[in-house]
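Let me begin by presenting the structure, written as structure tokens, before commenting on it.
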Amino acid sequence: MRIVVCMKQVYDPATTRISRSREEFDLRGAVKITNTPDKHALEAALRLRAAVGGEVIALSLGDAEADDVCREAIAMGADRALLISGPEVIGVTGRAVARALTAGVRYLDAVDLVLTGQVGLTDGTGSLAPRLAAELGWEVCLDAVRLAPMTDGQIEVTVACSPGVGEIVCLALPAVISVATGSERPRYAHPARIANAWAPGLVEVCSCTRLGLDAAALTADVEVGGLILPPERTRGQTIVGPTETAADELVGLLRTKRIL
């Protein structure tokens, strides 16, 4: 079975800041990491490969720095990686991302299964799997917590319905599945694999031209808007003194503000 796992490089939310003066994200000190939900998808792929054999390929889209995502996936257990890179893919969003990744899947050929993370850390959306399925013309399943192989060209998927409750569905391959973050915990990269992940030949870099993508295919279908920031919060007022006096003062303040 040939399994492709879509891996994305994102800014670590813990290192991003918001500039109120410019009303935009301040990314000067931000750190780029692999989208954590995508690691759950990779873990599901590695477990499926252990059960039936085959190949796990990481697929990423971005600039040269996205090579780190591919190398990390290989260090965790992926066999190889494909990076779609070039000036044309910088800043692409929405359907354009799905089109580029679809071209990557078709380039890899004979792919049985495409796995994605449940959401993106930076945008909180989970639209990639449905978009990919629409572009590929494959079946799609969302919020999978467990994958089990079947012998008749199908895969058994346990879908999270509610906490602790799952529904089992069967999908005909090829298919696209998004893996829930509540599934198996991603493994740590093995030290030996970390050392070998930067060996030449493991990450193939493809341009959009090589994949047959033109500028029209990468035209964004959504427009990224600016930030709308609420008024800055004011500091609260501390009331000190005996309980009865403080209570009277608090009631007076609430009445002044017409809350009471």
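Every number here is computed from the coordinates shown, using simple stated rules; none is lab data. Predicted model only: the values in this text are computed from it and were never measured. Ideal geometry is used to build each Cβ from the backbone, glycine not excepted, and the neighbour counts take in all protein chains shown.
What to note about this one:
- Full-stretch length increase - residue 47, residue 205 - with 0.36 nm per residue and alpha-carbon distance subtracted: 54.3 nm
- Helical mean residue ellipticity (222 nm; -39500 (n - 2.57) per DSSP H run of 4+; nearest 500) of the chain: -8500 deg cm²/dmol
- Given [x] -0.41; [y] -0.35; [z] -0.31, the label whose value is log10 I(q)/I(0) by the Debye sum over Cα atoms at q = 0.08 Å⁻¹ derived from this model: [x]
- Of the peptides 55-62, 26-33, the order by per-residue mean of other Cβ atoms within 10 Å, starting with the highest, comes out as 55-62, 26-33.
- Protection proxy ranking of 40-50, 206-216 - average other beta-carbon atoms within 10 Å, highest first: 40-50, 206-216
- Potential lengthening of the chain between residue 65 and residue 220 amounts to 53.6 nm, from the contour at 0.36 nm per residue minus the alpha-carbon distance.
- Ordering of 64-70, 8-14 by burial proxy (mean other Cβ atoms within 10 Å per residue, highest first): 64-70, 8-14
- C-alpha long axis of helix 95-108 to longest principal axis of the chain, angle in °: 30 degrees
- Tilt relative to the chain, helix 243-256 - C-alpha long axis, 0 to 90 degrees, to 10: 80 degrees
- Length gained on full extension, residue 123 to residue 194: 22.7 nm, using 0.36 nm per residue less the C-alpha separation.
- Taking 19 Å as the cut-off, the amide N atoms of region 234-248 that come nearer than this to a point 7 Å along the Cα-to-beta-carbon line of residue 257 belong to 234-241, 245-248.
- Seen against the Cα atoms of the chain and their longest principal axis, helix 36-52 is set at about 30 degrees.
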